[in-house]
Structure formats: structure tokens, C-alpha cells
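Student: I'd like to ask some things about the structure below.
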């Protein structure tokens, strides 16, 4: 990965309102704004919304834990957003929008369909957030020339690099290997073993790790919902008397990872241990000593 810088312009003076985000040495531009600002002149009159572009709508999941996501495109953007705000295709869940356009030659319908299809594909592979029902269909890329396809691949990679900075982690895959400074940790339960490590994306549980088949009645409802979501997404699959992680998966914290693995409420800083039996809490305290 190459270093880059972002320039964020707070267009109406409200840090929670409309923000215009540009990346160094790139023709793309992102507009980020809350749903409540949709009808305000600062958003409604933006010329970027009259362009062809990609739309991401984010809002809380039904259990309130984390985001759900809709990925779409507009040619131009504004009518598509209007119908998702209060039109026939209204989506109640979203609370913020991120729109990407090009300030160079501009994007056309085929370009944004290509970007939409690849974003949906990557979100499905990452399985970090539930997608809107419209995105669960199979996406087919449009036919692009070799040059246009290469340009859109670059545009896509720049978008994907910016989104985590904007608080969107739906497309991130766990790192292929832990950093040299991150030891492999294990979490053990009744006859099961899970392996994981800390990363910049969160706490990664490695593919092949086991999780309890049953949960205890006292497990927090939010953790029950998170665990069931991973089962529904295919991250966890039942094998014999336990669940198994089908892929490496990044959790927001070691405690969430431990709860899912053990099927009960757990403090991940105590449950995850290195080869010498030292808990993550002790390792972190030694690092800061």
C-alpha cells in the first residue's frame, strides 16, 4: 500500500454535515452527508449530485450493532437518492450517504455499473456487514473496453482505500498474515480451539478455528445476534459438534471474537493467550510498560 493524503472540506461549517473529500493525485471526489441534510441547500444544490456516480447508503442494523449497507449507482445521482429518501424505492434504514463521482473526464453508466458490481462482490466476500436485499442478487459486470476497465480498476482501488478512513469497513479483507510484532493467540473452550491475532483492522480469528455449537442463556442479545449473523453469512459452518470459521474474519474487538467463539459473555483480553499462557491483557500491559 502506498501512503496518501485526504483533503476534507466541511462545506456548511457543520462537522457532522456535508463533507467533500478528495484524495491526493486522484480525479475522484466523495460527498459524505447525513440523511437529515438531504433537503438542505448545501446538499441539494451540489453540482456533483447531477453527475453519474456510485452511492453507498449506511444505517444501523436491526439490533443496533454496527452498520448495514446498500450499494448502488445513479445516472445522475440525485434522482436515485431522492427515490431512496422518500420515493417509491424508499429505504428507511439509512442515516448517511457517501457518493463518489469523477471530476475529470467523468463516469458513464457502464463505468458506475462496473464499480457497483465489484463493490457488491467485495462486500459479499468480506462478509463484514449485511447488505440490503437489492444487493443480494448476482451482479454481472458490464462490457468495458480494455482501457476503461483498467481505469475503473484504479478508480475502485482508490475508493476502497478511502472508505476505511471515512468509517466504512464493509469491504476490508483481513491481512493475509499477522504483523511480525503480533503473536498468534489461542482461545480454548470445552474441547475447542480458536487461533487469532491483533491487526489494524481489529482482532482476526483464523480460518479453521472452532466455536461452540451451543450458547448459554445469559449471553448478551447483541452477541447472540452477531453470532447468528456470521452463521447466516456463511462465516461459521457447523462441522460435527462445533462450528468452524470458513475464512479469516476480523472482529471489532478481541472480546467480540471471544464471545462468538465461546458462546458466552467473555473478556477477550483475558481469554486470548499466547503460547506461554500469557493473556492478551498482560501482553498489552508489558508493551506499554
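Since every read-out is calculated from the coordinates, none of them should be taken as a lab result. Being a predicted model, the structure only gives us computed values, none of them experimental. Here Cβ is always computed from backbone atoms with ideal geometry, including for glycine, and neighbour counts include all displayed protein chains.
Student: Order these by the 10 Å Cβ neighbour count, fewest first: 172, 271. Before the final figure, lay out the partial values.
Tutor: Values: 172 18, 271 23.
Listing 172, 271 from fewest to most nearby Cβ atoms yields 172, 271.
Student: Continuing with the same structure: If we count other beta carbons within 10 Å of each Cβ, what is the order of 91, 137, fewest first? Please report the intermediate quantities before stating the final value.
Tutor: Numbers: 91 18, 137 8.
Result, fewest neighbours first: 137, 91.
Student: Give the dimensionless ratio obtained when the Cα radius of gyration of the chain is divided by 2.2 N^0.38 Å. Mind dumping the intermediate values first?
Tutor: Details: Rg = 21.0 Å, N = 289, 2.2 N^0.38 = 18.9 Å.
Expressed relative to 2.2 N^0.38 Å, the Cα Rg reads 1.11.
Student: Can you put 94, 38, 272 in order of Cβ neighbours within 10 angstrom, beginning with the fewest? Can you show the working numbers first?
Tutor: Working: 94 23, 38 16, 272 29.
Neighbour counts put them in this order, fewest first: 38, 94, 272.
Student: Run the numbers for residue 201 and residue 89: contour at 0.36 nm per residue of separation, minus the present Cα-Cα distance, in nm.
Tutor: Working: separation 112, 0.36 × 112 = 40.32 nm, distance 3.36 nm.
37.0 nm is the gain from fully extending residue 201 to residue 89.
Student: Mind checking the full-extension length gain between residue 276 and residue 133? Use 0.36 nm per residue of separation minus the Cα-Cα distance, one decimal, nm. Walk me through the numbers before you get to the answer.
Tutor: Values: separation 143, 0.36 × 143 = 51.48 nm, distance 4.61 nm.
Value of the extension gain: 46.9 nm.
Student: Let me ask you something else. For the chain, with a Gaussian network of springs between Cα atoms less than 10 Å apart, report the residue from 17, 263, 87 with the top mean-square fluctuation.
Tutor: With Cα springs under 10 Å in the chain, the top fluctuation among 17, 263, 87 is at 87.
Student: Classify the range 1-153 as rounded, prolate or oblate from the Cα gyration tensor: take a ≥ b ≥ c as the square roots of its eigenvalues, call it rounded if a/c is under 1.5, otherwise prolate when a/b beats b/c and oblate if not. Before the final figure, lay out each step's value.
Tutor: Values: a/c = 1.38, a/b = 1.07, b/c = 1.29.
Here the range 1-153 falls in the rounded category.
Student: Give the separation of the Cα centroids, the range 209-256 to the range 119-162, in Å.
Tutor: 27
Student: Sticking with this one: Just to be sure I understand: with springs between alpha-carbon atoms less than 10 Å apart, which residue in 192, 49, 31 has the highest mean-square fluctuation in the Gaussian network model of the chain?
Tutor: Most flexible of the set in this elastic network: 192.
Student: At a Förster radius of 25 Å, what calculated FRET efficiency corresponds to the Cβ-Cβ distance of residue 20 and residue 105, to the nearest 0.05? Intermediate results must be reported in sequence, preceding the final value.
Tutor: Details: r = 19 Å, r/R0 = 0.78.
In this case the efficiency is close to 0.80.
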